[in-house]
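For reference, the structure discussed in these notes is given below.
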Amino acid sequence: MRHHSEVMAPRAQAYDEDPNNLVRTHAARHPDSPAIADPPDIHRLTGRPARQWTWAGLDHEVDRLATTFAAYGVRGTDTVAVQLPAGVELVQAVLACWRLGAVPMPLSVGLRDRGLTYRAMRAGARTIVTSVRIGRRQAAATAAALPCFPTVFTWGVEVPRRAVDLAAAGAEAKPGALPRTEIVPDDRAVVLWASPDRQFSYRHRDLSAAAVPTTAESLTNTRALTCPASFHETLVPWLRAGCRLIHPDVVGDNLGSLTGTGRIPPP
C-alpha cells in the first residue's frame, strides 16, 4: 500500500489548442470529411497536380512527412525554413513541424540567395522545405547551393543532387512510429519576418489567443502563412473548426499574393 505521506504528482492538463490533438481529433471524429484542397492551378506553379485530402488523409500525410523529417535529423525545438506557395504542401509542412515540436519559419517564395541566407543565419535554421520549381524559379536548386542549409527537402521533378526527394523518402516512411509530442501554450509556434531585419517568434498561446472564431463550412487561404493574419484568421480557426481549407488560383504569373509581405506587429 502507498504510504499516506506520499503525494501524487499532479497530472499535466491537456492543452485544448494543441494543433496535433486537433488534427487527430478531427481525423477520428469525421475521417472522410474534406480537410484541405490545393489551388486548381498548382500544376502551373510547381509542376504537380492539385490534390485534396480528407481529415484522415491529412493526419496520415502529416505523420508521414514528420517521420521523414525525423529520419533526417529534425528534432523538437529546431527551426525549419519553409518556402512553398499556398497549398496543401505548405500546410502539411507546418503541421509536420508541429508534430515533432519543431518551429516552422514560412518564407516568401520571392526570396533568393541573400534573403534566404540572412534569415537562416539569424533564426538558426539549418533545414528548408521547398519545391523544385515555384513559378519560373528553381527554388530547390537555389536552396541546395547555399551552405546555410545542410538539409534541403523538396517535392518535384528532377530533384537537385544534394536535396532530399520527399516523394521517394515519404514512400519509405512508416507513419505511426513517431513518439507522441504534446504541445504546451508557451512552446514556440512559428518564426515570421516583417522585413529583412525584423524577426518575430510567436508562441502557440499567441496564435490561439488572437484567433478569430469561425463556424464556416470552409475557409479560404489567400496567404502563404508568412504573416500573423494567416494564422490568426485562417489556419488556427480552420484547425479548431475542422472545416475545409481551400486555396484560390493565382492570377497570371504574379506570385505577390503568395509572399505574404507586409507589416507584422510584434507578438
Applying the selection to segment 41-58, what residues are crowded, with 19+ Cβ neighbours inside 10 Å and either in contact with a strand residue (DSSP E or B) (Cβ under 6 Å, 6 or more places away or on another chain) or under 21 Å from Ser230 (Cα atoms) (or both)? Ile42, Leu45, Thr46, Trp53, Trp55, Leu58
In segment 208-227, what residues are buried (at least 20 other Cβ atoms within 10 Å of the Cβ), of a type in the set (A, V, I, L, M, F, W, C) and more than 12 Å from Trp238 (Cβ to Cβ)? Ala224, Cys227
Checklist (1) buried (at least 23 other Cβ atoms within 10 Å of the Cβ); (2) farther than 28 Å from Leu219 by Cβ applied to Val109, failing item: (2)
Kindly provide the set of residues from segment 143-159 that are hydrophobic (A, V, I, L, M, F, W, C) and either in a loop (DSSP other than H, G, I, E, B) or at pLDDT below 90 (or both), ordered by number. Ala145, Leu146, Cys148, Phe149, Val157, Val159
Thr77 passes all but one of (1) within 21 Å of Val236 (Cβ to Cβ); (2) at pLDDT 95 or above; which number fails? (2)
Mind checking which pairs have a first residue in segment 214-240 that is under 13 Å from Ile36 (Cα atoms) and a second that is acidic (Asp, Glu), Cβ under 9 Å, 6 or more apart or different chains? Leu219/Glu233; Leu239/Glu17
Only one residue in Val94, Val62, Val82, Val74 is farther than 22 Å from Gly115 by Cα, touching a strand residue (DSSP E or B) at 6+ places or on another chain (Cβ under 7 Å), crowded, with 21+ Cβ neighbours inside 10 Å and not acidic (Asp, Glu), so which one is that? Val74
Before we move on, is Leu192 closer than 18 Å to Ala241 by Cβ and at pLDDT 95 or above? no
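Name the single residue, out of those in segment 134-153 being surrounded by fewer than 16 Cβ atoms within 10 Å (Cβ to Cβ) and in contact with an Asp or Glu (Cβ under 8 Å, 6 or more places away or on another chain), that is farthest from Arg48 (Cα to Cα).
Kept after step one, since they are surrounded by fewer than 16 Cβ atoms within 10 Å (Cβ to Cβ), are these residues of segment 134-153: 136, 145, 147, 150.
With in contact with an Asp or Glu (Cβ under 8 Å, 6 or more places away or on another chain) added as a condition, the list becomes 136, 145.
Values: Arg136: 14, Ala145: 23 Å.
Filtering segment 134-153 for residues that are surrounded by fewer than 16 Cβ atoms within 10 Å (Cβ to Cβ) and in contact with an Asp or Glu (Cβ under 8 Å, 6 or more places away or on another chain), the one farthest from Arg48 (Cα to Cα) comes out as Ala145.
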(1) farther than 27 Å from Asp186 by Cα; (2) among the aromatic types (Phe, Trp, Tyr); (3) crowded, with 24+ Cβ neighbours inside 10 Å all hold for Phe69 apart from (1)
Kindly state which strands (runs of 3 or more DSSP E) lie completely within segment 23-142 and contain at least 3 residues that are more than 14 Å from the chain's Cα centre (by Cα) and touching a residue at least 60 places away in the same chain (Cβ under 8 Å). 34-37
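The values are calculated or read from the model by the stated rules, or taken from the named source; none is laboratory data. Remember, it's a predicted structure, so these values are computed and weren't measured experimentally. So basically every Cβ, Gly included, is an ideal-geometry build from the backbone, and we count neighbours across all protein chains shown.
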